[in-house]
Each structure stands twice: as structure tokens, then as C-alpha cells.
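Structure first, commentary second.
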Amino acid sequence: MNPTKSQTEKKEKSVKQPAVIPPTSEATPRVVIEKVSPEVDRGRFPAKRAVGERVVVEADIFADGHDSLSAVLLFRKEGTPSWTEIPMEPLVNDRWRGEFSVTEIGRYQYTLEGWIDRFQSWRRDLSKKVETNQDVSTDLSTGAGLVEKAGERAPDRDAKALKTTAAELRNPKAERVRIALGEELFQLMKRNPDRTGAVRYEKELTVVVDREKARFNAWYELFPRSCADGKRHGTFKDCEARLPYLAEMGFNVLYFPPIHPIGTAHRKGKNNATKCTPKDPGSPWAIGGKEGGHKAIHPELGTLEDFRALVAKAKDYGMEVALDLAYQCSPDHPYVKEHPEWFWHRPDGTIRHAENPPKKYEDIYPLNFETSDREGLWKEMKSIVLFWIEQGVRIFRVDNPHTKPFLFWEWLIAEIKRDHPDVILLSEAFTRPKVMVRLAKIGFTQSYTYFAWRNAKWELTDYFTELTQSEVREFFRPSLWPNTPDILTEYLQWGGRPAFAIRFILAATLGASYGIYGPAFELCENRPLEPGKEEYLDSEKYEIKKWDLSRAESIKETIVRVNRIRKQNPALQLDWNLRFHPIGNDQLIAYSKCTRDLSNCIVVVVNLDPHHTQSGWLELPLDQLGLDPSQSYQMHDLLTDAKYLWNGPRNYVELNPHLMPAHLFRIRHKVKTEYDFDYFL
């Protein structure tokens with residue numbers, strides 16, 4: 001069938017136009033730069049780093065023909081007019097690499113530039129001819145011309161030396177070959193390259209740099225109303241009394257669920273009952289009452305001044321207070337009367353409550369971010385964040401961000417971070433993988449993960465290899481939570497006290513950032529609402545709890561020890577250095593983390609079986625850990641302070657979960673001193 005005229009026109013329009021012939025006065029651009037990494041969604045979104053980290057940039061850089069190339073990585077802090085250049089080094093197969101360190105929070109830009117390096121090409125070919133005893137007189141004259149031109153464009157400090165060298169290359173009596181191939185000329189020409197025809201990558205890419213706590217932190221979730229004796233509603237003053245306990249355990253972020261007034265309409269009772277008694281305090285996530293909304297404090301917790309005092313006191317203990325950012329309202333929230341257009345309405349005009357079938361949240365109205373007054377709603381949501389920033393809060397855990405538009409979050413985060421780049425936002429999005437990833441791309445600093453449901457060795461290995469070794473790591477910072485007020489996993493329900501220790505050690509060592517919901521976690525609270533449910537019986541979401549922090553089953557001491565180990569070992573403060581190692585038992589998992597210079601190497605072995613002793617033979621890549629195969633080495637278990645002398649790559653381990661379900665080994669390298677006796681670093 002012959003195409004119609006319109007079909008032919010469409011086809012012609014779809015054909016890519018040929019490259020434009022450059023003017024004769026310009027050099028032909030011959031260099032190609034492609035497959036740049038990191039480049040998130042073709043540069044649509046920034047990569048992420050924390051202060052002090054490196055940005056390692058790679059790209060395919062090549063050209064036609066056989067000429068040598070040179071390339072540089074250019075970077076600058078946003079707002080800085082000039083670029084800093086870093087020479088890139090060739091790897092294999094036309095792949096190049098360069099890196100720079102980020103030293104300030106904010107945004108950095110980077111791009112690449114490559115060019116035909118005529119001097120390098122000449123020097124390479126000259127060396128080959130000299131090796132085969134060919135006449136290189138003409139080549140030396142050609143090189144003299146290249147050096148002379150370099151002298152014309154060089155600054156004064158190099159110009160004289162280049163002109164002198166050019167003259168020597170033309171002097172038959174000089175040691176011309178030695179000069180031509182010498183290191184001094186090589187460095188002079190490297191500083192003063194001929195970039196005629198240089199090609200700049202068409203995009204300026206971005207990396208967002210956060211403060212160190214975005215990379216390395218330990219969160220503790222606490223309901224402030226349960227900080228008293230259980231007979232009355234807790235206050236911020238009661239929370240201050242809890243700070244030494246949290247500091248002793250080593251946490252640096254104290255996270256509160258919503259601290260706002262709680263609505264009375266459709267208030268939930270104990271265990272999420274639809275009917276409540278006058279004594280039921282309601283769910284903190286049913287935000288808003290006669291006392292106010294998202295910018296108000298529940299009156300039984302205290303005043304705004306009390307809150308600010310708590311924030312200051314927490315800082316004295318090395319902790320920051322994080323708040324829950326939950327954009328939803330109780331039926332009693334002032335917004336309901338003041339802005340009914342901000343909510344979803346049923347056909348009969350009534351406001352629709354929240355649902356996640358089969359679950360119903362009769363005490364919560366979701367906000368309609370597609371309202372006709374979108375500008376008004378969005379600006380009000382921004383003002384909530386700014387209000388709490390004014391009270392000294394810089395960390396927010398965001399409730400269910402996947403139920404609000406991506407565009408809203410991208411706008412809000414950009415607005416907040418523009419003036420407050422130190423703000424950290426944790427995305428609580430237990431949702432589909434692509435949605436979770438998108439939220440990370442659009443700006444959330446950290447992200448909840450599926451860690452809670454990854455129990456088997458193969459599940460943990462596959463999942464954390466993806467998080468730390470794939471391109472996802474460029475923008476997705478995992479935060480590992482073994483439990484939350486909503487999540488009591490089956491593993492914790494049936495595994496007893498060892499299960500809590502196992503999941504804690506995994507969370508604290510697989511990732512640099514983790515959190516627990518306490519005191520339920522350290523006290524090994526494992527009673528489900530009913531079989532097959534992940535919800536707690538007598539959940540703290542719906543009642544004030546009395547916690548006996550001195551309970552015998554508490555794993556507090558393990559938490560204290562592990563958090564101390566994390567602070568003392570820089571290798572555990574990173575994510576990308578995670579490597580798994582073979583061990584001959586599916587109930588044992590083994591992995592290591594090392595600093596770049598191998599001065600700090602930690603090997604972790606965990607028994608995943610909370611009921612039985614498990615053993616196996618661990619295989620370590622000695623060369624990757626900086627170990628000499630011919631030398632013995634010490635494995636210092638930082639959990640128990642036991643020391644083992646190992647030999648070779650294969651060694652036996654055995655773990656009883658009822659004693660200690662894991663080894664946290666620090667490798668001690670055996671070295672020889674000038675006094676000729678052995679000791680361990």
C-alpha cells in the first residue's frame with residue numbers, strides 16, 4: 001500500500017536533520033561524550049552526597065581516528081561563576097574517570113570537556129619511532145611548532161620555558177629526543193593544552209550535598225505522651241527526663257509522631273476501635289481540634305516554649321528532635337471549616353474520610369492536592385514546615401508521601417531547601433518500588449526501605465546489593481527500620497528476644513542510617529493484634545503506654561554496644577562499601593565494610609535463625625581486605641571483646657542466638673615493626 005502525502009510528510013519530519021557543517025574558521029568537533037555517570041534520568045534529577053564525600057564521574061569519551069584525547073571534569077558550587085577543573089584519567093575501552101570532593105551543603109554543578117590532544121598524539125608517535133630507530137628529525141620540528149604555540153598562550157611562568165624548549169627541539173646539537181620525551185615538557189604542555197575543537201558535554205548536571213547526618217544517623221521514635229508513669233498524659237518535661245536514657249543508647253535523632261491537638265470526632269479507641277471512651281487519647285495522626293491544627297501543640301504535652309526547651313536540651317545530649325509531617329486532618333481541624341475546598345467531597349457534599357481498603361480511617365480527612373485552590377493549599381503546607389523550622393526543627397519524617405502528588409513534593413522540597421539546605425526529610429513510603437524511587441529522585445533526603453520484610457539470606461543479599469551497587473545509590477539513601485508503630489513483622493512475633501537483636505544488628509550494620517520504634521523494640525514487644533496481622537496488640541497509636549525500661553528481656557545493652565561501635569568505626573558510617581562474602585550455611589550471612597584506605601575494616605557475621613545455633617566456613621577475599629595471605633591476622637569481636645587468630649581465607653564460625661547472634665569483627669593487621677617484634681594494628 002502506497003503511503004499518503006500526510007504520512008510521507010510525517011515520516012520526513014521524523015527523520016533527524018543532518019549535522020550542521022561548521023564554518024571553515026572553526027575546528028571540526030570530533031570528540032564524543034556520552035553515558036555520563038552519575039546522571040539521574042538524563043540529568044532531570046540531581047545525585048545526592050553528604051559533606052566530605054566524593055563525586056566520582058565517569059563517561060565514554062572518544063573520537064574518530066587514532067589521536068590521543070584529554071578530558072577534564074569541571075565543577076562548581078551553585079552561584080560560583082568560575083569552574084574548577086580536574087583532569088580525567090582513561091580507564092579501558094574509552095571510559096574516563098574523574099572525581100571531586102564536596103565540602104559544603106547546597107548544590108554543586110558538574111560537566112565534562114574533552115579535546116584532541118595533538119601534543120600527546122605527537123609524543124606517543126615519536127616514542128614509537130624512536131624505539132624502532134627511525135629518523136625523527138621532521139617529527140622534532142613538528143613538535144617544536146606545537147611547543148612554540150603553547151608558549152604563546154601560556155602564562156608568564158611557563159611561556160619562557162616553552163619558548164626555550166621549542167628552540168632546543170630545533171637545535172641538532174641538543175639532546176632533542178630526551179627533551180621531547182621528558183617529564184618536564186610533558187607537565188608544561190599538560191598545563192597549557194591546545195583546546196582547539198574542544199567539546200563540552202551538553203548538560204550541566206547537579207549534585208545536592210546534605211550535611212553528614214543525612215548519611216549517618218540513628219533514629220529513636222518515641223510517643224511523648226507515654227513518657228510519664230502511664231497514669232497520666234506525658235509532657236515535654238517528661239521527655240527531657242528520658243533524654244539521658246536515649247543518649248546512653250547512642251541515638252542522635254529523637255523522632256516524635258505528631259504532637260498537635262487530636263480531634264474528637266470519630267476518634268479511635270483502643271486497638272483502633274471505631275468507638276472510644278472518654279479516656280481514650282486518640283491517634284496522634286488525627287490532627288487538629290479546637291486548640292488548633294498543624295502549627296499548634298497538644299495542650300497536654302505542654303507549650304511551644306516547653307517544646308523549644310526540649311529541642312535545646314536534646315541538643316545538649318547530642319540529639320536533634322525530628323517531627324512528623326503528616327498532611328491530613330481530623331474532622332475537627334480548623335481547615336475543615338475555613339477551607340472546605342481543600343478536601344475531597346462525596347456526591348452528597350460531605351467530606352470523604354481516608355481509606356486504604358480494607359482499612360478505614362474515619363478519624364482522618366485526606367487533603368485534596370488537586371483542589372481548585374491549589375496555590376493556597378500548597379503555600380499553607382509550606383508554611384507549616386517553615387513554622388517548625390523557626391522552632392529549631394531541621395529534620396522531618398514525612399508520613400505517606402506517596403499519597404500526595406510528586407509535583408507537590410518536588411516544589412515543596414525545592415522551596416524549603418533553597419533557604420534551609422540543612423533540612424533533612426525522611427520519606428515514609430512503604431509503597432511500590434518505582435514510586436518509592438521517584439520520591440527519592442524528587443528530593444527526599446532519606447527513604448524507608450523494604451528491609452523489615454527481607455529475612456532470608458538471599459533476600460538481604462539481593463536487596464542490599466541493589467541499594468548499594470546499582471545506579472539507585474546515586475539518589476536513594478536507605479533508612480532501615482526493623483519496626484514501626486504500624487509494623488510488627490512475623491519474624492519479630494515468633495523469634496523472641498534473639499530476633500530483635502538479630503534485626504537490630506542487621507539494620508545498624510547493613511546501613512549507615514537506621515531507626516527503631518521504642519521502647520517497644522528494645523523491650524522486645526512482640527504481641528500481634530491477631531495471628532497473621534502485623535499490627536501491635538494494644539498499640540501505642542491509640543493509648544498511653546507505661547513502659548518498664550528495666551525489663552529483663554531488654555536488648556538495651558546490645559544497642560548501646562552496637563551504636564558505640566558504629567561511632568568508633570568509620571567503615572560502618574558508609575553505605576556503598578558493603579560487600580557480601582560466601583559462608584557455607586544459608587542461616588548465616590556475612591559481609592564487610594571497609595574505609596577506602598583499608599585502615600578500618602569490619603566483618604559482620606549474623607545468625608539469621610533466632611532459635612538454633614548455626615555454624616559454617618567463612619571465605620574472605622584477603623587481598624580486598626588488605627591482608628597478606630602468608631600472615632595470620634587477628635579478628636577482634638567488638639561485641640564480646642573476644643579475639644581470634646585466623647589464617648588464610650577460610651575460617652570457621654559458630655553463633656548461638658541466645659548468647660550473641662552475631663560477630664562484629666574488626667580486622668587487626670599483623671605488621672612488622674622496626675624493633676623486630678609483632679603486634680596488631
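The values are calculated or read from the model by the stated rules, or taken from the named source; none is laboratory data. Computed from a prediction, not measured in an experiment: that's the story for all the values here. Ideal geometry is used to build each Cβ from the backbone, glycine not excepted, and the neighbour counts take in all protein chains shown. The protein model used for the area step is the full one, side chains on, heavy atoms only, and it has no ligands, DNA or RNA in it. Shrake-Rupley method; radii C 1.70, N 1.55, O 1.52, S 1.80 Å.
If the label point is 7 Å along Cα→Cβ of GLU34, which residues in segment 79-110 have backbone nitrogen under 17 Å from it? From segment 79-110, the list is 93-96. Ligands, DNA and RNA aside, TYR317 has an accessible area near 90 Å² when probed at 1.4 Å. Residues VAL20, VAL603, ordered by accessible area of protein heavy atoms at a 1.4 angstrom probe radius and largest first, appear as VAL20, VAL603. Computed from the alpha carbon atoms alone, the convex hull of segment 65-114 holds 84 Å³ per residue.
Shape analysis of segment 409-475 yields a ratio of the Cα radius of gyration to the Kirkwood radius, Rg/Rh, of 1.04.
Normalised by the number of residues in segment 211-357, the average gap of Cα pairs under 8 Å and 6 or more apart makes the relative contact order 25 percent.
Protein heavy-atom surface of segment 396-525, 1.4 angstrom probe: 54% of the accessible area is carbon and sulfur, with nucleic acids and ligands not counted.
What the Cα convex hull of the chain gives, in volume per residue, is 273 Å³. Each of LEU537 and ASN271 was given a label point 7 Å from its Cα along the Cα-to-Cβ line. The distance between the two points is 0.8 nm.
Placing unit charges on the Cβ atoms of the charged side chains and taking the dipole of segment 443-540 about its Cα centre, the candidate lying farthest along the positive direction among ASN455, SER539, ALA520 is ASN455.
Of TYR365, TYR514, the order by accessible heavy-atom surface (1.4 Å probe, DNA, RNA and ligands excluded), from most exposed downward, is TYR365, TYR514. Shown for segment 27-109: the carbon plus sulfur share of the solvent-accessible area, taken with all protein chains present and a 1.4 angstrom probe, equals 47%.
Legend: Rg and Dmax of segment 530-640, from Cα coordinates, 18.9, 61 Å. As a length-normalised measure over Cα pairs under 8 Å and 6 or more apart, the relative contact order of segment 393-504 settles at 22 percent. With the convex hull drawn over the C-alpha atoms of segment 437-536, the volume per residue is 103 Å³. Straight-line cross-link partners of LYS160 among the lysines, defined as a Cα under 25 Å from its Cα and at least 8 positions apart when in the same chain: LYS149, LYS173, LYS190. Rounded to the nearest 10 square angstrom, HIS612 shows an accessible area of 110 square angstrom against a 1.4 Å probe. Label-to-label distance for TRP458 and ASN133 is 6.5 nm, based on points extended 7 Å past Cα in the beta-carbon direction.
At the listed q of 0.13 Å⁻¹, the Debye profile of segment 620-663, built from one uniform point per Cα, gives log10 I(q)/I(0) equal to -0.33.
By the rule of a C-alpha distance below 20 Å, with chain neighbours fewer than 8 residues away ignored, the lysines paired with LYS556 are LYS545, LYS546, LYS567.
When DSSP beta bridges are restricted to pairs lying wholly in the chain, around 70% turn out antiparallel. Working from Cα pairs under 8 Å separated by at least six residues, relative contact order for the chain is 10 percent. Sorted largest first, the spans of the alpha carbon positions of segment 468-522 along the three principal axes are 36, 19, 17 Å.
Expressed as a whole percentage, what fraction of the accessible surface of segment 540-681 belongs to carbon and sulfur atoms when a 1.4 Å probe is rolled over the protein heavy atoms? In segment 540-681, the share of accessible area belonging to carbon and sulfur is 49 percent. Computed from point charges on the beta carbon alone (+1 for Lys and Arg, -1 for Asp and Glu), the dipole magnitude for the chain about its Cα centre is near 480 Debye. Probing with 1.4 Å while keeping every protein chain in the model, the per residue accessible area of the chain equals 47 Å².
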